[in-house]
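Each remark here refers to the structure printed beneath this line.
The values are calculated or read from the model by the stated rules, or taken from the named source; none is laboratory data. A quick note: this is a predicted structure, and the numbers were derived from the prediction, not measured. Here Cβ is always computed from backbone atoms with ideal geometry, including for glycine, and neighbour counts include all displayed protein chains.
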Amino acid sequence: MAESPRRSDESESVYRLAERADVLDDPAVRRVVTAAAASDDPWLQQQAKQIVVAKAVAQDADPFPDTDSATTRNDGQLEFGVTKTGGRVGLPEDALTKHMLVVGQSGAGKTTLFYNVMQQLSVPFWAFDLKRDYRHLITELGDLIVLPWQQLKFNPLVPPQGVDLRRWAQVFSEIFSHATALLSGSKNYLMKQLIELYRLYGLFDQREPPYPSVFELQQLMERDKINYMRKSSTYRDTVVNRVEAMTLTAGSIFDCSQGIPIEALLDRNVVFEFDGLARDTQNFVMEILFAFVFEYRLAQQHRDTGLHHVFFLDEGKRVFSVYKERQDAAGIPAIDELTAKMREFGEGLVVADQEASKLTDSIKANTDTKLLLATGDRQQFQEMTAAMQLSERQRAVAETLDVGQAVMQTGGHDPIPVVLDDVEVAKTVSDVDLWMRQKAWFHAPVPDREQPAAFIEAVGGHVESDDADEDEETTTEEQDGDESGLSAGAETMLKDVVENPFKPVTDRYELFDNDYKANQVKTELVEADLVRERTLKTGSVRQKLLELTEQGRDWLADQEIDVERKGRGSIIHRYWQHQVRDTFELAGWTAELEQLDADVYAKQGGDEIAVEIAMGDNDREVEHAKQRLEQGFDKVLVVCPNQEVINTLEEKMEEQGVAMERLRFRRFRDFNDTEIFS
Ligand SMILES: Nc1ncnc2c1ncn2[C@@H]1O[C@H](COP(=O)(O)OP(=O)(O)OP(=O)(O)O)[C@@H](O)[C@H]1O
Ligand SMILES: [Mg+2]
């Protein structure tokens, strides 16, 4: 509502009359009302009153006088529905470059409207789907690609074509920090580490694959953590925790060096499905994809008139509140600027939400077309009617909106009520259907991650990020437990984890009809924080093992399922304990886990050997070996991931004057077969 001028009693009553009659928006009325108030002249006030009354009569009972002209304005490219007099209502497609906002309560018809618009678009669109709504369009739009996150391979560390590495490091850190609520100290640390990682991968010299993944980033920071253990390292620890939480819950999305070609997907209709993914990860992936497109267009200078591509965000606040109040200091545009620039590049945004109040002001201000659907919530209703500048009488109408009805306002035009088209989309597309239709996408080979020598050296030659000898719990985000709600498949897999703890994940897949189903089940367990994935490297083969979490153990205990816990430390550590024990047994020794404090104790005749599994080269491993020697074993065998770890440990022990005669080093891979002793 416009601000009211200062008024005398008489002019006050003229003003009220105008307001009640809903004619204040009329420029002529505003002029006379303002003049009457300013002059305090009775004659002028009388004049004003007459004009207001005349206007009010002309306006009659219709609070939406613009309805008929609106239907003729529409050039019919996109049709949304009809007016109450039967005229078709819609928008020229290009109007979407100025963005569109749809607000309505659950069941009001937002998704239905999206279905309608998506099917009419002549340019490609991307939908970020949190509820598996849009996969069903695959039956209507044959060329649609639906990418459930379980099938998605995406490396957010690969900058868009043409985007500077440092800039991308900045964008990545900014968005990661926003999505996981990191403060600026941590953000800067993250950015520096990423730049360092790019450097170790030689990307500043030559921009070509392999690219590091988030796993390598994590590894680099973990290494850094070890190096600087004694310094104040809270923000460093926080970043590592956040990154680890994300890699643990994101399934295999980030487990790639290259991933799908995002740039090419801009020519296709794509539904990205994120339901079931942890919230932080959802936010991060949506935002980074959004930023990716923005940075890509900016770098390529894809300026042009007209619409090229549309984003559909059905829960808009998930992207447009995280961006909130982003400062320009980092050189990354605030959302106002971002939405404005998106327009220059022909990127349209169609945003829906139930809660207008949680959207940024800028998205409310920068969406040229707004549709208000049925909204019971007072606050949401007021937010939206204010943003649309609805008059009192228009609000009264908007309050009575039913399912599939809307008040639409576009450009500088007056709002109009619309009965939206009912678009029926059969919701029948299952995971299996998707899988069958899209085999090519699901099974496109993804090259393994690669680690160049400079990187391996920098992280001290560690095998994977699993090098901690003991479990570090990463409980940055508490799981909302509904413990009993596991699917039957998930229970089956969990029991298999208990019975065969060292079975590779892929072998567990044989318990299920197809890999897709199996992957879903595994994801369910990871999401529920009952198991976590660990990478086991045997020779050149990498396999994933599932490790029970404390929560997983608790869940099993509740079900009165006994979990034997033989061996200690991470599943990887225990795997090698078992492997060493079995090897000794095969060779005719008596061998046991966890005897006399040794990881493995082996005995034959009068010979007694202690085995320590050293997952890394830290001082604790040196201590363990020393203790075993002091206990008086004939031999102490230290089994390490690789030669680099052996070299470092050997060096440290020599420095500390450890008696090396009784000490032997072996590599993990020596225990893949049986021929080990010399
Ligand atoms: N234009 C319409 N005409 C008639 N019925 C409609 C219309 N739009 C939606 N409906 C009915 O309302 C139901 C819910 O609509 P829809 O799924 O689009 O709501 P929504 O706003 O997306 O809800 P949510 O916020 O829960 O996702 C539809 O299944 C349909 O039966
Ligand atoms: Mg919906």
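Residue check: Leu548 meets all listed conditions (1) over 17 Å from Arg534 (Cα atoms); (2) crowded, with 21+ Cβ neighbours inside 10 Å; (3) in contact with a helix residue (DSSP H, G or I) (Cβ under 7 Å, 6 or more places away or on another chain) but one, namely (1). The set of residues in the stretch 120-131 being surrounded by 18 or more Cβ atoms within 10 Å (Cβ to Cβ), part of a loop (DSSP other than H, G, I, E, B) and within 13 Å of ligand 2 (Cβ to nearest atom) consists of Leu130 alone. Quickly run through the stretch 233-274 and pick out the residues that are under 18 Å from the mean Cα position of the chain (by Cα) and of a type in the set (Asp, Glu). Scanning the stretch 233-274 gives Glu244, Asp255, Glu273. Against the numbered list (1) outside the structural domain of Ala181 (by TED's automatic domain parsing); (2) in contact (Cβ under 8 Å) with a residue 60 or more places away in the chain; (3) of a type outside the set (Gly, Ala, Ser); (4) crowded, with 19+ Cβ neighbours inside 10 Å, Phe254 comes up short only at (1). In the stretch 606-621, the residue that is surrounded by the fewest Cβ atoms within 10 Å (Cβ to Cβ) out of those that are touching an Asp or Glu at 6+ places or on another chain (Cβ under 9 Å) and in a helix (DSSP H, G or I) is Arg620. Hey, can you tell me all the residues within the stretch 136-148 that are in contact (Cβ under 8 Å) with a residue 24 or more places away in the chain, surrounded by fewer than 22 Cβ atoms within 10 Å (Cβ to Cβ) and not aliphatic (A, V, I, L, M)? Across the stretch 136-148, the qualifying residues are His136, Thr139, Glu140, Asp143. Scanning the stretch 525-549 for residues that are free of Cβ contacts under 8 Å to residues at least 12 places away in the same chain and assigned to a loop (DSSP other than H, G, I, E, B) turns up just one, Ser540. Pairs are defined by a Cβ separation below 9 Å, a sequence spacing of at least 6 or placement on different chains, a first member in the stretch 103-118 that is closer than 16 Å to Ala356 by Cβ and in contact (Cβ under 8 Å) with a residue 24 or more places away in the chain, and a second member that is near ligand 1 (Cβ under 7 Å from one of its atoms) and in a helix (DSSP H, G or I); the pairs so defined are Val103/Lys110; Gly104/Lys110; Gly104/Leu113. Only helices (runs of 4 or more DSSP H) whose full extent lies in the stretch 385-460 are considered here, and the ones with at least 1 residues that are without any contact (Cβ under 8 Å) to a residue 60 or more places away in the chain and loosely packed, with under 14 Cβ neighbours inside 10 Å are 431-437, 439-442, 453-458. In the stretch 132-147, the qualifying residues are those that are farther than 16 Å from Thr428 by Cβ and touching a Lys or Arg at 6+ places or on another chain (Cβ under 8 Å), and the one that is nearest to ligand 2 (Cβ to nearest atom) is Ile145.
Looking at the stretch 642-657, is at least one residue buried (at least 21 other Cβ atoms within 10 Å of the Cβ) and either modelled with pLDDT under 90 or touching a Leu at 6+ places or on another chain (Cβ under 6 Å) (or both)?
Checking the stretch 642-657: not a single residue is buried (at least 21 other Cβ atoms within 10 Å of the Cβ) and either modelled with pLDDT under 90 or touching a Leu at 6+ places or on another chain (Cβ under 6 Å) (or both).
For Ala58, the conditions (1) at pLDDT 70 or above; (2) in a helix (DSSP H, G or I) are fulfilled apart from (1).
Here Phe312 passes the criteria (1) touching a residue at least 60 places away in the same chain (Cβ under 8 Å); (2) within 24 Å of Leu183 (Cβ to Cβ) except the one numbered (2).
Looking only at the stretch 387-422, residues that are over 35 Å from the mean Cα position of the chain (by Cα) and closer than 17 Å to Val350 by Cα come to 0 in all.
When Val117, Val163, Val146 are checked against the criterion of being closer than 25 Å to Val446 by Cα and not in a loop (DSSP other than H, G, I, E, B), Val146 stands alone in meeting it. Screening the stretch 120-148 for residues that are within 18 Å of His309 (Cα to Cα) and acidic (Asp, Glu) and picking the one that is farthest from ligand 1 (Cβ to nearest atom) gives Asp143. In this structure, Gln105 does satisfy being in a loop (DSSP other than H, G, I, E, B), in contact with a Gly (Cβ under 6 Å, 6 or more places away or on another chain) and either of a type outside the set (A, V, I, L, M, F, W, C) or at pLDDT below 95 (or both). Any idea which residue in the stretch 81-96 is farthest from ligand 1 (Cβ to nearest atom), counting only those that are part of a helix (DSSP H, G or I) and surrounded by fewer than 23 Cβ atoms within 10 Å (Cβ to Cβ)? Looking at the filtered set, the residue picked out is Asp94.
If you check Gln151, Gln219, Gln161 for being under 30 Å from Val423 (Cβ atoms) and modelled with pLDDT under 95, only one passes: Gln151. Does at least one position in the stretch 356-369 carry a residue that is closer than 30 Å to Lys153 by Cα, outside the structural domain of His308 (by TED's automatic domain parsing) and not in a strand (DSSP E or B)? No: the stretch 356-369 contains no residue that is closer than 30 Å to Lys153 by Cα, outside the structural domain of His308 (by TED's automatic domain parsing) and not in a strand (DSSP E or B).
Within the stretch 623-641, the residues that satisfy the criterion of being surrounded by 15 or more Cβ atoms within 10 Å (Cβ to Cβ) and in a loop (DSSP other than H, G, I, E, B) are Phe633, Pro641.
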